[in-house]
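Okay, structure first, notes after.
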Amino acid sequence: MSAATAPAAPSGLTHRQVLQVLGGLLLGLFLAALDQTIVASAIRTIGDDLHGLSAQAWVTTAYLITATISTPLYGKLSDIYGRKKFFLAAIAIFVVGSAASSFATSMYQLAGFRAFQGLGAGGLFSLALAIIGDIVPPRERARYQGYFLAVFGTSSVIGPVVGGFFAGAPSILGITGWRWVFLVNVPIGILALIVVARVLHVDQVRRHHRIDWWGAVALVVGLVPLLTVAEQGRDWGWGSARSVTAYVLGALGLALFIWAERRMGEDALIPLRFFRNRTFGLTAIGGFIVGMGMFGGLAVLPLYLQIVRGASPTESGLQLLPLTAGLMVGSIVAGQLISRTGRYRIFPMLGAALSAIGLYLLHTIGVDTAFWRTGIFMAILGLGLGLILQPITLAVQNAMSPREIGVATSSATFFRQMGATAGTAVFLSLLFSTVGDKIAAAFRTAGPAFQQAVNDPAVAADPANQPVIAALRDGGGLNASAVNDTSFLNHVNPALAYPFKAGFSSSMDMIFLVAAAIMVVGLVVFLFLPEIPLRTKAGVDAAEEAAPASLADAGEPATVGPGGSDPKAAPGNPPAGVAGPAGDSPEAETPGRTRL
């Protein structure tokens, strides 16, 4: 069936045209998703080459901070001026930052380029979800959003493989191998720019607003110190002068942010009335909790596979396949069932429960655990995550005004990213602050094979075994440099390496257990999530119909379309057919005023 004769989807697009738009969006998403996994597998090689492995945390933190903070700004601006131009801008910024990162000559320079790259990453995921919300009704949206998680699943498999290949190559086409980790984004980004520019043509209701620059600045002042101390507190000392200064600055910035949002009202970066909407408030809290537990656990899994099981970065990427498969299956199942039944509330609850079970089971793995067991546990975790991620986004988009899909989606994404950033930083800090004692304890309780290897003169004379021998001379513990660079485990005698792996595994078990407890808290939050009938119209159609109704009371005509605007729209007057500040029902039909 041709595009001309195919059944038209809501918003006037045929199914084929929706898929064309989706292709452009997925390319942008693929950029962000691939970058996270490909860099993670190569960061150790990058740090060694730039002589700054101990500064690798700054490279990660800089990217996460700018990506997290810019997310709500993209959503708000796209609601005012349209999605396309900001999605294109996000891709362009990301590509420029990627190219610049490939020329870094120090870890701190790389951190600066990665921070710029994060400014683009902040718009890729949230705007892609918002655009789908514009052109596809909530009842059908889950089917299309399943493709998004499939992209993330695919990137989680090929990212470590490609990153390991680049990191292991001395040079490719005369350029150091690891620099291709960033350069590979350039052709993909250019292709995404071309596709999105050609296929994305969506009319949108536009309104004139003040831009909440004070809120954006206050958010930066509040979050940067807190996220930095979450990452660096282990090295600074949680009660040190620098940490206390970060706490004070963060609290001051967040207080200023709340003041600025109250002052801006409907023009706020994240309107405070959103939190009076039960669905938004619960998904924001639940998203933060789930993001924290999810990324805290996921940050540890590759380390378990590489350090404890001895897998290479490429091999660990392949060993994560059960997790990826579970995530994709969960996403597809949730999408199909939501489309058929119109019900979504059960999926976050079931997903949180399965994720908690999967993380608890991962808490039981050790050095000698068979991989088939670990694979099953990872699949359970992935299945649970697949059941959570898209239903909570769908719930937010369905509960909020169609004219605010951008800011609502990006705000929900913002809280999930905040949880992910905090979880990654806190759990890794917890891991490395406890692993030294765990390793020392493992050395003290080592079995006969270890003692026999230590007393073997040939083993003691082997230079590859010197890190462990030196640690035993120093009292049974490894110094910080050994913990930060575990490459010696690839060459050390297996009997000598066993206590180190056991200590690392013991610390990881604690992380998985804490993450499981956090997921249980998320389950409790989702128990209170309301079930609202899914709208049958796409966001752009609902917004176009709502705009004339909201302007009728003021006696003003509405101009809708790519170049249109409705400058007289009262920002505090929700359109007909959408939930008001305290409401959850998007189908309330009280023209010109809020139905409470």
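Each value in this text was obtained by applying a stated rule to the coordinates, not by laboratory testing. For clarity, every value in this text was computed on a predicted model and none was experimentally measured. Glycine also receives a Cβ, built like all others from the backbone with ideal geometry; neighbour counts cover every protein chain displayed.
Here are a few things to note about the model shown:
- Fewest-first sequence of Thr61, Thr341 by Cβ atoms within 10 Å of each Cβ: Thr341, Thr61
- Once C-alpha pairs closer than 8 Å and six or more residues apart are averaged by separation and normalised to the residue number of region 246-379, the relative contact order reads 20 percent.
- Column: log10 I(q)/I(0), Debye, Cα scatterers of region 87-139, q = 0.30 Å⁻¹: -1.02
- Estimated distance in nm for a label pair at Val524 and Ala99, the labels positioned 7 Å out from Cα along Cα-to-Cβ: 5.1
- In this entry, region 349-447 is assigned a mean projected area of 8.0 nm², taken as a quarter of its C-alpha convex hull surface.
- With the convex hull of its Cα atoms as the shape, region 200-324 has an orientation-averaged projected area of 12.6 nm².
- Phi-derived couplings, Karplus 6.51 cos²θ - 1.76 cosθ + 1.60 at θ = phi - 60°, listed residue by residue for region 124-135: 5, 6, 5, 6, 4, 5, 5, 5, 4, x, 5, 10 Hz, with x used for Gly and Pro.
- Order of Arg273, Arg343 under a 10 Å beta carbon neighbour criterion, fewest first: Arg343, Arg273
- Taking all pairs of distinct alpha-carbon atoms in region 213-268, Kirkwood radius in angstrom: 11.6
- Remark: the Thr445-Trp372 segment gains 23.5 nm on full extension, using 0.36 nm per residue and subtracting the alpha carbon distance.
- For region 76-138, the relative contact order comes to 39 percent (Cα pairs under 8 Å, sequence separation of at least 6).
- Residues whose placed amide H lies under 5 Å from that of Ser401, excluding near-sequence neighbours: Ala579
- Note on Ile405, Ile307: ascending count of other Cβ atoms within 10 Å places them as Ile307, Ile405, the fewest first.
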